[in-house]
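Below is one structure, written out as structure tokens; comments come after it.
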């Protein structure tokens, strides 16, 4: 995999709660030469990121219901509408983990479908964050089914703020669960190119990392 091929599969990510506007703008500018799939930033800085990345191949991603997923469905729908109005192309949304674990699948589905509909109307996509570290394997499979049925473009392993990040086993499970119906994104703890390659080999289409530039520098 060449650096350009790797970059096209990376969401270069800055989601620390203390990431300032100035830091985020500098982060976007540093991403410009590399051709990342997206730069993923806090919702408050989406419009700034869109301005900086305009005219480049790199899109702007952000998060909704982050990082715990427990907000009311109506609130997540408003969040989604707000960030796509600001220009976000991709929305990484945390599903309602507590609802899923409670067996409230209709609630989970309705919430995801509403967010996907709002995003789709704006020409954006939704990547559903499962936070696999908090779910059993059967729960992960149910979450994948609900996400695909709701219209999500990707399922994603982790927020990066949970008990642990991406694992090869979770990527394999998610890939098997969604088949070709959706993409798989791995995120959380991806700090070296060897681990990134193992995740791609397991079935990931995209990775989220704050270390994208360092990963590219290590590709020979």
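Any read-out appearing in this document is the output of simple, stated calculations on the displayed coordinates, not a laboratory observation. Here the structure is a predicted model, which means the values were calculated and not measured. Ideal geometry is used to build each Cβ from the backbone, glycine not excepted, and the neighbour counts take in all protein chains shown.
The simple Förster model, with R0 at 22 Å and r as the Cβ-Cβ distance, assigns residue 68 and residue 168 a FRET efficiency of 0.30.
Here Cα extents along the principal axes in Å was calculated from the structure, and among [x] 80, 34, 26; [y] 45, 35, 29; [z] 54, 46, 26 it sits at label [y]. Short-range pairs are left out: with C-alpha atoms under 8 Å and at least six residues apart, the relative contact order of segment 3-217 is 18 percent. Cβ-Cβ distance of residue 98 and residue 217, R₀ of 35 Å, FRET efficiency by 1/(1 + (r/R0)^6): the value works out to about 0.30. By the count of neighbouring beta-carbon atoms within 10 Å, fewest first, 30, 158 end up ordered 30, 158. The distance from the alpha carbon centre of segment 141-200 to that of segment 1-71 is 19 Å, rounded to a whole number.
Extending 7 Å from the Cα toward the beta-carbon at both residue 120 and residue 161 defines two label points whose distance is 2.9 nm.
Entry for segment 120-220 at q = 0.18, 0.23 Å⁻¹: log10 I(q)/I(0) = -0.78, -1.16, Debye formula applied to identical alpha-carbon scatterers, no solvent contribution.
Taking label points 7 Å from Cα along the Cα-to-Cβ direction, residue 176 and residue 141 give a separation of 0.8 nm. Translational diffusion of segment 1-130, estimated by Stokes-Einstein from the Kirkwood radius over alpha carbon pairs at 10 °C in a medium of 1.306 mPa s, is 106 µm² per second.
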